[in-house]
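Student: Please read through the structure below; I'll follow up with questions.
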Amino acid sequence: MSQKQQTSMLAKLFPVFGQQNVNMKTELLAGLTTFLTMAYIIAVNPSILSETGMDAGALVTATCLGAAVGCFLMGFVANLPFGLAPAMGLNAFFAFSVVLGMGIPWEVALTAVFCEGIIFILLTICKVREAVVQAIPHNMKFAVTAGIGLFIAFIGLINGSIVVNDDATLVTLNQFALPGIITCIGVLIIGALDKRGVRGAILIGILVCSCIGWGYALMNPAAAADMGIYLPNGIMKFESIAPIAGKIDFSYIFHPEHASTFIMVLLTFLFVDFFDTVGTLVGVCSKANMLDKDGNVPNVSRALMADAVATTAGAALGTSTVTTFVESSTGVSAGGRTGYTAITIGVLFLVAMFFSPIFIAIPSCATAPALIYVGYLMLGAAKNIEFDNITEGLPAFITIAAMPLTYSIGDGLILGVLSYVLVNLLYNVMAPAEKRKKVSVVMIVLAILFILKFWFGI
């Protein structure tokens, strides 16, 4: 085989190597820009998932490795400038709804994420992923994103000690102490910096808040410890992923009393990740004018495959769903157009995992502003919902409101889907034939499954 043929084959397998006229300086800068905007996940993801009992140090390494795998796949295979990492929202669903809410072991939750990735791989191979997306109403997609945003923000308010439990009113405003003050400072800093267009505004906010907390811990260690604030026990250290890696547990599935619960958890992971990934790919490509003449994402099958494989690999490594980050738009805005941008992001995640003591010591009141601000950004999807159309707006509202108020993304999604199907079917019964709305078979099947869940108390 000639050198030319070898090069051609390599470019076919890895399109990034066939890229011509690449401005490497721009691609590297774009990769750095995207990394800075999404690096907060290295602190936030372990903070959330460690609530389940998972090892925080191992989670830092797993987060970075999962992100690196996803970025390398997106860069080498799909040749697109997108960063991937464990997803906000799905990590909250993993920890607070599945493990803490349902009492399911975190090993089983990882198994659900692993199965989700396998299903996505199969759906991508069969080219049905895009077809299923079309069956779900647009307004419901926006509602899920907005609802998760409110849920994440609510978690941030709790972690920042701003909102606390109250027997009379369920929740109430806490008396402002140092953690609450730090959280408020962080939100203000992130908002102001983001408004000014500063790259890495969320990361800067986390670092400033951490320094305030660590400064207090330096002056008054005992009082800081009571608030959950501790100084880092070093700078550089590599934490083994052994405590959480390879913990996939299929035994839970084969117990009849658990099978239906596992399926519901799996479906929720599937649903949320499904639309989040496609929406992000389309949105970021649209912003960069990268869509083709038919409005399609270039190399979309490869991009979806990269995302699916990254999710499967991430679960095996010990972290929740890995998906494409909307923060990739910052790198695209900086000129990133090829897979070299994604590869750069992956390399930076690998470097970051050797600084686990710093990320572990970041207090919850420092990551809380990131949760609140990301929640605000996700809530922005609600502006695309047709609230003036009751058959679309009412189910969307129920979805958005139910997620934080039930403290469960899954329950919010269930109530949203049920209300959508029932409202529209009832409307169709009363409406003239020409004004009846088509309800997809997919939505009807989901509604039936959810009704059975409630009926049998699953």
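Student: Identify all residues within the stretch 293-342 that are in a helix (DSSP H, G or I) and under 23 Å from Gly200 (Cα atoms); write none if there are none.
Tutor: The answer is Ser328, Ser329, Thr330, Gly331, Val332, Ser333, Gly339, Tyr340, Thr341, Ala342.
Student: On to the next question. Quick one: what pairs do we get from the stretch 160-177, first residue modelled with pLDDT under 90, second basic (Lys, Arg) and not in a loop (DSSP other than H, G, I, E, B), C-beta under 7 Å, 6+ apart or different chains?
Tutor: That search, which allows pairs on different chains as well, returns nothing.
Student: What number goes with the only condition from (1) within 28 Å of the chain's Cα centre (by Cα); (2) not in a helix (DSSP H, G or I) that Lys437 does not pass?
Tutor: Condition (1) is where Lys437 drops out.
Student: While we're looking at this one, here's another question. For the stretch 424-458, enumerate the residues that are of a type in the set (D, E, K, R), farther than 16 Å from Asn389 by Cα and either surrounded by 10 or more Cβ atoms within 10 Å (Cβ to Cβ) or touching a residue at least 40 places away in the same chain (Cβ under 8 Å) (or both).
Tutor: Of everything in the stretch 424-458, just one residue is of a type in the set (D, E, K, R), farther than 16 Å from Asn389 by Cα and either surrounded by 10 or more Cβ atoms within 10 Å (Cβ to Cβ) or touching a residue at least 40 places away in the same chain (Cβ under 8 Å) (or both), namely Lys453.
The rows are residues; the columns are (1) on the phi > 0 side of the Ramachandran plot; (2) crowded, with 22+ Cβ neighbours inside 10 Å; (3) outside any helix (DSSP H, G or I).
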residue	(1), (2), (3)
Cys71	no, yes, no
Phe82	no, yes, yes
Val113	no, yes, no
Leu123	no, no, no
Val144	no, yes, no
Phe154	no, no, no
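Student: When you scan the stretch 218-236, do you find a residue that is surrounded by 12 or more Cβ atoms within 10 Å (Cβ to Cβ), in a loop (DSSP other than H, G, I, E, B) and of a type in the set (S, T, N, Q), even just one?
Tutor: yes
Student: Just to verify a result, which residue in the stretch 368-420, among those that are closer than 20 Å to Phe274 by Cβ and not in a helix (DSSP H, G or I), is modelled with the highest pLDDT?
Tutor: So the residue we want is Ile385.
Student: Only one of (1) assigned to a loop (DSSP other than H, G, I, E, B); (2) under 24 Å from Ile414 (Cα atoms) is not met by Gln175, so which one is it?
Tutor: So Gln175 meets the others, but not (2).
The values are calculated or read from the model by the stated rules, or taken from the named source; none is laboratory data. Predicted, not measured: the structure shown is a model, and the values here were computed from it. A quick note on method: Cβ atoms are made from the backbone with ideal geometry, for glycine too, and the neighbour counts reach across all protein chains shown.
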